[in-house]
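The values are calculated or read from the model by the stated rules, or taken from the named source; none is laboratory data. Note that the structure is predicted; figures quoted are calculated from it, not measured. Note: ideal-geometry Cβ built from the backbone for every residue, glycine included; neighbour counts use all protein chains shown. Side chains included, ligands, DNA and RNA excluded: accessible areas come from the protein's heavy atoms. Shrake-Rupley method; radii C 1.70, N 1.55, O 1.52, S 1.80 Å.
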Amino acid sequence: MILFKKKTAPALSEALADRMLENIFDACQAEPNTIPLKTLISYTRYRRERFSFQKILLVVILLLFCLLPLLFLYPGVSLQLQPTDTPWLPTYRIDVDTLLPVSSVYAEVDGARLLVAAAGENTYIVEPRANGTLSVTVTLINNQYQTVTVPVSGVDTEAPACSSHSQKDGKVWLTLEDSGSGVEYSSITALDQDGRQAAPLQVDEAGQTAVFSCPEHFLDVCVPDRAGNTLHLRITMK
């Protein structure tokens, strides 16, 4: 294999180059050079460095000019209600259409901030826990943002109610109702006057009733619904 090396011009010392320049002026019968060669070399280096700086500056300006449109790009935001098994706790999906990275996603319902969870690339999930106006703001790294709003009305915020109660054969019968998510009968609990757990003797979801033994003094009953709202009752014996 034959390798070809790039030939480089031999370097001249500054003193030798100065003598050659004087000889050239003498041979041409020209007036001698009055500017030292060292000064000429320094000026040449200065011009070269200045030209390099100008070239770099021009490249930076052209690059910024090409990136200028990106400074005014704003995101496209889509906010949609997702089908779930818990309609009393709605879930909204946020889809962001953008070429730039997302800086932040902010969600609130009537001023109350909500937790936003990432569900994928430029996809987020938010679960409002109150009815009102859901507002979502997406901000990009160029500080441009987009805000979308939707009304939220399906959140169950009402606790169950006790529509009637009765006492019979040493038992207390409670009739319960909840028009939202429904009573969570398996989670009904109670405490007696001594702070001991007192589970219901029976619950009838179809009949919407819960039965307890008559307490000696009183019984504190907690009746939750599927959305987490809780009814607190105190049964007092007279």
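Every residue in segment 129-146 that is surrounded by 15 or more Cβ atoms within 10 Å (Cβ to Cβ) and not aliphatic (A, V, I, L, M), please. Quick ask: steps written out before the conclusion?
Pass one, segment 129-146, residues surrounded by 15 or more Cβ atoms within 10 Å (Cβ to Cβ): 129, 131-132, 134-140, 142, 144-146.
Within segment 129-146, 129, 131, 132, 135, 137, 139, 142, 144, 145, 146 qualify.
A search for C-beta distances below 8 Å between a residue of segment 197-214 that is at negative phi and any residue that is of a type in the set (Lys, Arg), counting only pairs 6+ apart in sequence or on different chains, returns 201/171; 211/171; 212/171; 213/171; 214/171.
Which residues, counting only those in segment 151-168, are within 15 Å of residue 181 (Cβ to Cβ) and of a type in the set (A, V, I, L, M)? Give the derivation first.
First, pick out the residues of segment 151-168 that are within 15 Å of residue 181 (Cβ to Cβ): 153-161.
Of everything in segment 151-168, those that are within 15 Å of residue 181 (Cβ to Cβ) and of a type in the set (A, V, I, L, M) turn out to be 155, 159, 161.
As a summary of the residue check, residue 181 satisfies the conditions (1) more than 30 Å from residue 126 (Cβ to Cβ); (2) in contact with a Gly (Cβ under 9 Å, 6 or more places away or on another chain) except for the one numbered (1).
When residue 235 is tested against the conditions (1) out of contact with any strand residue (DSSP E or B) (no Cβ under 9 Å at 6 or more places or on another chain); (2) open to solvent by less than 40 Å² (accessible area, probe 1.4 Å); (3) of a type in the set (A, V, I, L, M), the lone failure is (1). Across segment 164-195, which residue is nearest to residue 76 (Cα to Cα) among those that are open to solvent by 40 Å² or more (accessible area, probe 1.4 Å), in contact (Cβ under 8 Å) with a residue 24 or more places away in the chain and among the small types (Gly, Ala, Ser)? Once the filter is applied, the top-ranked residue is 180.
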